[in-house]
Amino acid sequence: MSSDYEISDDDENYYVDDEDSDMIDGTQDEDDEDDIDMDTFGDDFKVSPKSKRKSYEIDHQSLSQTAVEELMQSDIEHICGIFGVEASTAALLLRHLSWNKERLIEKYMDNPTKVLVSAGVTVEEPPAQSAPIRSSSSTTSKRTTRSTKLLGLASGSGSKSPKAPSPPLKALKPSKSLPFICPICYDDSADLRPLALDCEHQFCSGCWTAYASSKINDEAEHTIRCMAESCALIAPDIFVNNLLVPGPGAPIGDPAEEAENAATWARFQELLVRHFVASNPNLKYCPYPSCTNTVSCPGAASKSSLITVVPTVSCGARGIGGTGQMSQSQQLGAGLAGKEHKFCFGCAIESDHRPVVCAVAKMWLKKCRDDSETANWIKSNTKECPQCQSTIEKNGGCNHMTCKKCKNDFCWVCMEHGTAWYSCNRYDEKSGADARDSQSKSRASLERYLHYYNRWANHEQSAKLSVELYAKTEKKMEDMQVTSALTWIEVQFMKKAVEEVDKCRTTLKWTYAMAYYLAKGNEKELFEDNQRDLEKAVEDLSELLESPIEPENIPTLRQKVTDKTVYVQKRNEIMLEDTATGFSDSRWKWNIDVDGFDAPEKLEN
Amino acid sequence: MSTNCKRRLIRDFKRLSTDPPGGISGSPCPDNIMLWNAVIFGPADTPFEDGTFKLLLTFDDSYPNKPPTVKFLSRMFHPNVYANGELCLDILQNRWSPTYDVAAILTSIQSLLHDPNPNSPANAEAAQLYRENMKEYVRRVKATVEESWLDPEDNIEEDEVAEAEGDGEAEMGQRMDETPNAH
């Protein structure tokens with residue numbers, strides 16, 4: 001902490017010094033313990049090195065959908081190994097208990113039939129039959145009855161089921177004598193393919209497919225129950241797969257329909273992954289549109305950890321609809337449209353809200369959205385007529401007011417005497433004084449809020465305009481390549497600077513939310529010093545970027561921008577670093593009750 | 001899919017006319033099989049007894065994978081029926097199963113009349129009276145029973161007129177005046 005403060009003391013010198021090329025070294029000398037990756041500017045082009053974690057960063061890992069599926073698979077195999085059941089069954093059991101393996105094992109050991117029935121794996125058997133279930137042999141016998149049966153009747157395509165080892169044929173017998181009529185579409189054509197789960201409620205494959213598709217696509221549901229009324233059996237994945245993905249040798253269907261079914265199957269798998277991710281506190285799905293990555297961040301899984309860390313994570317993908325990592329040159333060329341998918345692991349804010357913790361960030365956003373401030377404005381800018389209580393805004397003129405509604409005369413200053421307004425001498429009378437007191441109080445509170453809000457909104461606005469700045473900068477970079485001898489890679493410093501400015505504006509934005517809630521004191525003053533230094537640096541760099549380019553000045557400009565970028569980056573790191581250590585040392589005190597923190601000491605305000 | 005839907009509806013109609021469950025009747029419009037008119041007779045031993053409540057069922061091609069839209073045409077006073085006649089019934093929303101047919105839907109609604117669920121009220125007043133003032137609840141329901149005896153044609157027309165003109169109250173007054181004639 002002390003070293004941070006020293007730096008802010010020295011900043012002014014760096015600013016007056018135009019040749020601040022030695023700034024980096026100077027800073028390094030003062031606190032070289034957290035400067036590992038600051039040695040050369042060239043390094044900054046790389047994605048921030050993962051080897052050393054800073055105190056404001058959190059360990060996290062990006063997982064693709066396939067990687068999450070592998071995690072699911074290993075859980076399923078674990079359960080298969082313990083219970084000796086099929087993978088489909090294990091998957092249904094795990095989903096039933098929200099992937100809580102310990103609870104599943106406990107419950108299953110206690111009463112396997114009950115768990116199997118409530119998970120929709122088996123139908124409830126009459127009590128007489130369920131008696132000998134505890135012997136190990138019954139587990140294996142159950143295994144065969146539970147396997148998915150694809151009952152091929154007329155077409156005989158039941159052999160399609162890859163894993164069903166000749167299921168008991170009792171379901172086939174009654175229907176052999178009678179032609180099959182699907183109880184849903186009432187079709188009785190000979191080429192119908194009746195299918196049923198273990199409950200033996202038969203429906204034609206067309207109805208099954210239509211039903212499953214509507215559940216998956218329209219209702220985003222991964223639990224496909226048997227269609228029969230009040231039947232609780234759930235279709236295992238392999239059954240759904242058979243409905244949607246035609247096996248080899250199946251009759252060739254309509255290609256459009258097949259593509260649709262394949263998309264439905266993909267959606268089904270995505271829904272399973274989403275359910276798994278939602279059930280696991282260590283995982284969170286990337287909130288960016290059409291991104292299917294997942295982030296694993298065990299460090300922020302518990303609510304209590306959110307008091308000390310701000311778990312900003314990135315899923316590794318960039319841009320909209322982008323999948324996977326881009327190469328370095330792609331990243332540089334992607335512009336702001338190819339922004340990293342950064343989001344907060346701990347709350348629903350879909351952006352980086354460092355340095356402020358989730359609870360405070362949420363409170364601030366709520367305050368900004370609430371119209372409580374409208375009420376505050378009304379309080380500060382209007383008064384009520386003492387007679388009819390109409391709300392009046394004074395927008396000019398003298399202090400003698402006449403209420404438009406009730407024609408009451410009163411004085412705007414003391415709210416009391418009527419027609420004798422010009423002799424407003426009862427200035428300190430009790431009731432008038434009270435009214436003024438409460439009014440000035442609410443005005444002060446509104447002014448305080450607006451001070452922070454305006455600065456917050458300003459940075460947000462600037463961040464929005466950064467798209468424009470980006471386009472302008474790109475244009476400038478092209479010009480530079482034409483007018484000077486600089487190569488493409490040599491003009492990238494501009495882009496780097498814009499990126500840095502954008503990043504710092506996000507930090508700055510949230511520092512105002514934080515400052516609004518920070519309790520008065522030395523800690524807050526230090527915080528605001530850091531904030532001021534960062535803001536000044538960012539504004540300087542912004543100005544440099546906006547300045548016109550003259551060919552003869554390009555080398556100096558490049559030098560200046562490069563230096564400033566490094567400086568700004570450094571200041572941003574200090575800001576984030578200091579706030580983060582502040583949270584882990586619980587140094588910050590709030591002026592309001594914040595979830596999870598100690599209640600504020602009552603101050604005079 | 002649409003042929004499936006129509007075949008199924010014809011089958012539903014056949015079943016409803018050959019083996020009708022007690023207290024309900026229904027049939028598709030002569031010119032549109034996707035639009036059904038139905039009548040539910042108020043179940044005995046309930047305040048709804050003797051009422052003849054008209055409903056309109058609107059099917060689309062997704063039937064039977066999706067439930068139809070069901071709406072009361074007769075004015076209802078029931079905790080789970082909205083003022084516009086739409087109703088709040090689990091099997092018509094999230095608990096729908098493609099095996100339900102028109103007969104099953106109508107029977108469920110009939111039993112809903114008998115056994116309302118005041119905990120998810122669509123008509124707050126009715127739910128409150130049902131819980132706290134049974135006598136007044138019965139009185140209000142009986143009023144709708146008498147209204148339901150009006151000629152269905154008139155009733156539908158009036159409802160449609162009322163809806164079209166957005167002038168339900170005037171219509172309602174007129175209907176109340178006519179009620180004695182219906183006796």
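The values are calculated or read from the model by the stated rules, or taken from the named source; none is laboratory data. For clarity, every value in this text was computed on a predicted model and none was experimentally measured. Heads up, the Cβs are rebuilt from the backbone with ideal geometry, glycines too, and the neighbour counts pull from every protein chain shown. Accessible surface areas use protein heavy atoms only, side chains included; no ligands, DNA or RNA. Shrake-Rupley method; radii C 1.70, N 1.55, O 1.52, S 1.80 Å.
Residues in the stretch A:177-192 that are in a loop (DSSP other than H, G, I, E, B), more than 14 Å from every other protein chain (Cβ to nearest Cβ) and more than 30 Å from A:THR89 (Cβ to Cβ): A:LEU178, A:PRO179, A:ALA190, A:ASP191.
Residues satisfying the criterion are present in the stretch A:434-450 (criterion: in contact with a helix residue (DSSP H, G or I) (Cβ under 8 Å, 6 or more places away or on another chain), open to solvent by less than 50 Å² (accessible area, probe 1.4 Å), modelled with pLDDT under 85 and not hydroxyl-bearing (Ser, Thr, Tyr)). Hey, any hits in the stretch A:509-531 for a residue that's free of Cβ contacts under 8 Å to residues at least 60 places away in the same chain, in contact with an Asp or Glu (Cβ under 6 Å, 6 or more places away or on another chain) and open to solvent by less than 40 Å² (accessible area, probe 1.4 Å)? Taking every residue of the stretch A:509-531 in turn, at least one turns out to be free of Cβ contacts under 8 Å to residues at least 60 places away in the same chain, in contact with an Asp or Glu (Cβ under 6 Å, 6 or more places away or on another chain) and open to solvent by less than 40 Å² (accessible area, probe 1.4 Å).
So, A:LYS496, is that one modelled with pLDDT of 85 or more, buried (at least 16 other Cβ atoms within 10 Å of the Cβ), of a type in the set (Lys, Arg) and under 30 Å from A:GLN559 (Cα atoms) or not? Yes; evaluated as a whole, the condition is true for this residue.
Of all residues in the stretch A:355-373, those being open to solvent by less than 80 Å² (accessible area, probe 1.4 Å) and at pLDDT below 85 number 5. Could you please let me know if B:LEU16 is buried (at least 20 other Cβ atoms within 10 Å of the Cβ) and touching a Pro at 6+ places or on another chain (Cβ under 8 Å)? For B:LEU16, the condition - buried (at least 20 other Cβ atoms within 10 Å of the Cβ) and touching a Pro at 6+ places or on another chain (Cβ under 8 Å) - is not met.
Look at (1) touching a residue at least 60 places away in the same chain (Cβ under 8 Å); (2) open to solvent by less than 10 Å² (accessible area, probe 1.4 Å); (3) aliphatic (A, V, I, L, M) and you find that B:LEU73 fails only one, number (2).
Annotation: B:SER27 fulfils all but one of (1) under 20 Å from B:PRO116 (Cβ atoms); (2) in contact with a strand residue (DSSP E or B) (Cβ under 7 Å, 6 or more places away or on another chain); (3) polar (S, T, N, Q); the unmet one is (1).
Grab the helices (runs of 4 or more DSSP H) fully contained in the stretch A:5-107, keeping just those with 3 or more residues being touching a Pro at 6+ places or on another chain (Cβ under 9 Å) and modelled with pLDDT of 90 or more. Before the answer, list the steps.
Values: elements: A:23-30, A:65-83, A:87-96.
Passing ranges, in order: A:87-96.
Within the stretch A:193-205, does at least one residue satisfy the condition of being within 14 Å of chain B (Cβ to nearest Cβ), part of a helix (DSSP H, G or I), at pLDDT 85 or above and open to solvent by less than 30 Å² (accessible area, probe 1.4 Å)? Yes: the stretch A:193-205 contains one or more residues that are within 14 Å of chain B (Cβ to nearest Cβ), part of a helix (DSSP H, G or I), at pLDDT 85 or above and open to solvent by less than 30 Å² (accessible area, probe 1.4 Å). Number of residues in the stretch A:262-301 that are free of Cβ contacts under 8 Å to residues at least 60 places away in the same chain, over 21 Å from A:ARG318 (Cβ atoms) and open to solvent by less than 20 Å² (accessible area, probe 1.4 Å) equals 3. For A:CYS347, the conditions (1) assigned to a loop (DSSP other than H, G, I, E, B); (2) modelled with pLDDT under 80 are fulfilled apart from (2).
Taken together, A:GLU221, A:GLU229, A:GLU260 contain a single residue that is touching a Ser or Thr at 6+ places or on another chain (Cβ under 6 Å) and either within 26 Å of B:ASP60 (Cβ to Cβ) or of a type outside the set (Lys, Arg) (or both), which is A:GLU229. Note on the stretch B:83-103: residues that are closer than 21 Å to B:VAL145 by Cα, part of a loop (DSSP other than H, G, I, E, B) and open to solvent by 20 Å² or more (accessible area, probe 1.4 Å) total 3.
Scanning the stretch A:214-248 for residues that are small (Gly, Ala, Ser), open to solvent by less than 20 Å² (accessible area, probe 1.4 Å) and within 13 Å of another protein chain (Cβ to nearest Cβ) yields A:SER214, A:ALA228.
Considering the stretch B:83-104, the residues that are within 12 Å of another protein chain (Cβ to nearest Cβ) and either in contact with a helix residue (DSSP H, G or I) (Cβ under 8 Å, 6 or more places away or on another chain) or among the aliphatic types (A, V, I, L, M) (or both) include one that is nearest to B:ARG11 (Cα to Cα), namely B:ASP101.
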